[in-house]
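Comments concern the structure below.
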Amino acid sequence: MVLYIFLLQEAATAALLFFITRFFIHSLIQKLSLQQSLPPGPKGWPLIGALPLLGTMPHVTLAKMAKKYGPVMYLKMGTCDMVVASTPDAARAFLKTLDLNFSNRPPNAGATHLAYNAQDMVFAHYGPRWKLLRKLSNLHMLGGKALQDWSQVRAVEVGHMLRAMCDSSRKGEPVVLPEMLTYAMANMIGQVILSRRVFVTKGLESNEFKDMVVELMTSAGFFNIGDFIPSIAWMDLQGIERGMKKLHNKFDVIITKMIKEHMASTHERKGKPDFLDVVMANREISDSEKLTITNIKALLLNLFTAGTDTSSSIIEWALAEMLKKPSILKRAHEEMDQVIGRNRRLEESDLPKLPYLQAICKETYRKHPSTPLNLPRVSTQACVVNGYYIPKNTRLSVNIWAIGRDTDVWDNPLEFKPDRFLSEKYAKIDPRGNDFELIPFGAGRRICAGTRMGIVLIEYILGTLVHSFDWKLPNGVDGLNMDEAFGLALQKFVPLSALLHPRLAPTVYVS
């Protein structure tokens, strides 16, 4: 009997060892098999992977890598998997075919330290709270009807900007364009959200705000080592997180003050609610959809920063390209003089009648997308793209900058040539997220919520600035620096400064 029990135990142990060994061998074979079917990509370094390979201009480096490894490229980034899409077809596979699987954002320092621990709309988990924030923003600020309701606000603020530019012109002073644009756009957004201008005069306060917005976009665009090797995040080796925390505190002071002052003046807006009034009134729509004051502060941070920086950078790049190639500016002037004349300002209703202006905007989206690498997404489940295995929790980066310079799509992509969008080949390409050859605002469920507003602001403000002034480089400046400064938004390394000469009837600038 004892011998029987002993043999039974030995048999059970042998069987257990067999199944354990078989399981591990099967898992190892499966793992090796999956690794072999991952997309191609650079080997990288031990432990830190491809992080050191990206350099200071990751969008450019990744575009060069894609020429070697292909349109779907895999990189091991620390302990994380990352895949990069660099062509329209690759972007379509991820952002349309597999959009739902890639509808979440990966955890990162920017979401934690800048966006109130992902309590905003940009970094929020894809779910009820994100849908509520998006719905409220579309209905009352960013959607078609809301944009139409606030058109007069845009006209008034552009008028303020034109008068400020004329003052500089009379003094013979060059205009630093991004400062003017930030001042005007922040006030437009302030009028819609808070029923007031956030900057009464252009000066130190508005310039500091511009610097803060640029710093936020720059730091949020960094490839932070701690995001990819979480076990050493606490060390903050690049000092990025320390900077983010300081910047967040500055923004929090400003936004908290805005909300307090707004709540104290509720009686002044009876019957005329603004965006913040609407959001506060809809904080609790259902048990599953509740907004905290932190969610609201985070949403305001999204709207003020993304709403000013991305649009202003496109306008700045467009004017810089026109200064480099005056024939484009001349043709835009001719179109506007024919449609509008010189006795009134451009109005938003004029925009559909200005195809060359719209072509200039599209060409700028293509060559200088405001977001060169789309905000990262992450796979909820493992999937297959172009025959390659993409593991669960793989980060996705779409290289929008590379797509705009894809020689298989664009003729002479390094040349700034608005005429291409008037040709039969490219005329129907639209930047609203359905044509993957041109996706400056992204695509799919997580497309930029402000796409519609961004297009209106860019066309209207750029058109007004072109129509209203002759633009020239300051005296003594021979060339124009067109270098890029990498960040979440693609800034000009040297801000555009130009001399302006009014070209419309004098009465236009005082109305």
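Given a Förster distance of 35 Å, report the FRET efficiency between residue 278 and residue 344 from their Cβ-Cβ distance, rounded to the nearest 0.05.
Working from the Cβ atoms, E equals 0.55.
Could you tell me the relative contact order of the chain? Use alpha-carbon pairs under 8 Å, at least six residues apart, and round to a whole percent.
Answer for the chain is 23 percent.
For the pairs 96/131; 145/210; 210/297; 330/472; 135/270; 76/392, flag any whose C-alpha to C-alpha distance is greater than 21 Å.
145/210; 135/270
In whole percent, how big is the carbon plus sulfur part of the accessible area of the chain, probe 1.4 Å, protein atoms only?
58
For segment 194-250 and segment 297-327, what is the centre-to-centre distance using only Cα atoms, to the nearest Å?
Each part's Cα centre sits 18 Å from the other's.
Relative contact order for segment 158-314: what is it in percent, counting Cα pairs under 8 Å that are at least 6 residues apart?
With pairs under 8 Å counted, the relative contact order is 28 percent.
Can you give the Kirkwood hydrodynamic radius for the chain, in Å, rounded to one decimal and based on Cα pairs?
24.8
Express the accessible area of the chain per residue in Å², computed with a 1.4 Å probe while the remaining protein chains stay in the model.
I get 47 Å² per residue for this part.
Angle, helix 151-170 long axis vs. longest principal axis of the chain, Cα atoms, 0 to 90°, nearest 10?
Approximately 60 degrees, to the nearest 10.
Under a point-charge model restricted to the Cβ atoms of Lys and Arg (+1) and Asp and Glu (-1), what is the dipole moment magnitude of the chain relative to its Cα centre, in debye to the nearest 20?
I would put it at about 420 debye.
With bins 5 Å wide starting at 0, give me the P(r) of segment 118-210 over every alpha carbon pair, in whole percents.
2, 13, 18, 18, 16, 14, 9, 5, 3, 1, 0
Could you work out how far helix 58-69 tilts from the main Cα principal axis of the chain, as a 0 to 90 degree angle to the nearest 10?
50
Could you work out the equivalent-ellipsoid semi-axes for segment 326-414, taking the square root of 5 times each eigenvalue of the Cα gyration tensor, largest first, in whole Å?
41, 16, 10
Suppose the chain between residue 149 and residue 45 were pulled fully straight at 0.36 nm per residue; how much longer would it get relative to their current alpha carbon spacing?
Full extension from residue 149 to residue 45 adds 32.0 nm.
Give the dimensionless ratio obtained when the Cα radius of gyration of segment 38-195 is divided by 2.2 N^0.38 Å.
Normalised Cα radius of gyration, segment 38-195: 1.45.
Using the alpha-carbon atoms, what tilt in degrees (0 to 90, nearest 10) does helix 240-264 show relative to the longest principal axis of the chain?
Tilt of helix 240-264: around 60 degrees.
Taking segment 316-471, how much of its Cα-Cα pair set, in percent, is spaced more than 28 angstrom apart?
Summing the P(r) of segment 316-471 above 28 Å gives 27 percent of all pairs.
How long are the semi-axes of the equivalent ellipsoid of segment 249-311, defined as square roots of 5 times the Cα gyration tensor eigenvalues? Whole Å, largest first.
20, 17, 12
Counting just the Cα atoms, what span does segment 275-360 cover along each of its three principal axes? Round to the nearest Å and put the largest first.
The Cα atoms of segment 275-360 stretch 58, 26, 20 Å along the principal axes, largest first.
Kirkwood Rh over Cα pairs of segment 190-252 into Stokes-Einstein at 4 °C, 1.567 mPa s: D in µm²/s?
Diffusion coefficient, whole number: 94 µm²/s.
Tell me the Kirkwood radius of segment 221-272: reciprocal of the mean inverse pair distance over distinct alpha-carbon atoms, in Å.
It works out to 13.9 Å.
Find the percent of Cα-Cα distances in segment 134-263 that exceed 22 Å, and round it to a whole number.
53
Given contacts defined as C-alpha pairs under 8 Å and at least six residues apart, what's the relative contact order of segment 191-283, whole-number percent?
Relative contact order, segment 191-283: 37 percent.
Just from the alpha-carbon atoms, what are the Rg and Dmax of segment 421-511 in angstroms?
So, for segment 421-511, Rg and Dmax equal 17.3, 48 Å respectively.
Assuming a ≥ b ≥ c are the square roots of the Cα gyration tensor eigenvalues, decide whether segment 462-506 counts as rounded (a/c under 1.5), prolate (otherwise, with a/b larger than b/c) or oblate.
oblate
Restricting everything to alpha-carbon atoms, can you work out Rg to Rh for segment 49-142 with a Kirkwood hydrodynamic radius?
In segment 49-142, Rg relative to Rh is 1.03.
The values are calculated or read from the model by the stated rules, or taken from the named source; none is laboratory data. Quantities reported herein were computed from a predicted structural model and do not represent experimental measurements. Counting neighbours? That spans all protein chains shown, and the Cβs are built from the backbone with ideal geometry, glycine included. Each accessible area value is taken on the protein alone, full model and side chains, heavy atoms only, with ligands, DNA and RNA left out. Shrake-Rupley method; radii C 1.70, N 1.55, O 1.52, S 1.80 Å.
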